[in-house]
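Working notes, structure below.
The values are calculated or read from the model by the stated rules, or taken from the named source; none is laboratory data. All values derive from a computational prediction rather than experimental measurement. Methodologically, a virtual Cβ is constructed for each residue, glycine included, from the backbone with ideal geometry; neighbour enumeration extends over all protein chains shown.
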Amino acid sequence: MFRCTSGTKCSSAGKTTNRKNYLDASVSSGDASLTRDNGFNASMEFKPMKTIDLELDYSRSVPLRLNTFSFGISLDVGAVLRRGSLTK
């Protein structure tokens with residue numbers, strides 16, 4: 001959520017060490033530890049046909065206790081148009 005409107009100036013209230021400060025303020029400042037994340041990412045990709053890719057991603061931020069899931073579908077339109085079908 002962005003808390004600055006077009007008529008206001010966005011500025012930091014000062015240095016912080018609170019990594020969840022983004023919940024309270026639109027601008028945060030601090031040292032490098034503010035952006036350091038001891039988390040991990042995992043990804044899987046599956047190609048059921050030559051023209052289709054399916055991807056599943058998971059990301060975990062340990063300090064922020066934040067989980068992110070994403071799913072992607074890719075279609076090679078050029079190959080489909082050249083072949084005239086998805087299954088060839």
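Count, please, the residues in region 42-66 that happen to be exposed (fewer than 13 other Cβ atoms within 10 Å of the Cβ), within 16 Å of the chain's Cα centre (by Cα) and modelled with pLDDT of 95 or more.
Summing the residues that are exposed (fewer than 13 other Cβ atoms within 10 Å of the Cβ), within 16 Å of the chain's Cα centre (by Cα) and modelled with pLDDT of 95 or more in region 42-66 gives 3.
Say we look at region 67-88 and pick out the residues that are of a type outside the set (Gly, Ala, Ser) and surrounded by 13 or more Cβ atoms within 10 Å (Cβ to Cβ); which of these is nearest to Ser33 (Cα to Cα)?
Ranking the candidates gives Asp76 first.
Out of region 43-66, which residues are over 30 Å from Ser33 (Cβ atoms) and part of a loop (DSSP other than H, G, I, E, B)?
Scanning region 43-66 gives Lys50, Thr51.
Taking the condition out of contact with any Pro (no Cβ under 8 Å at 6 or more places or on another chain), modelled with pLDDT under 85 and of a type in the set (D, E, K, R), does Lys15 pass?
For Lys15, the condition - out of contact with any Pro (no Cβ under 8 Å at 6 or more places or on another chain), modelled with pLDDT under 85 and of a type in the set (D, E, K, R) - is met.
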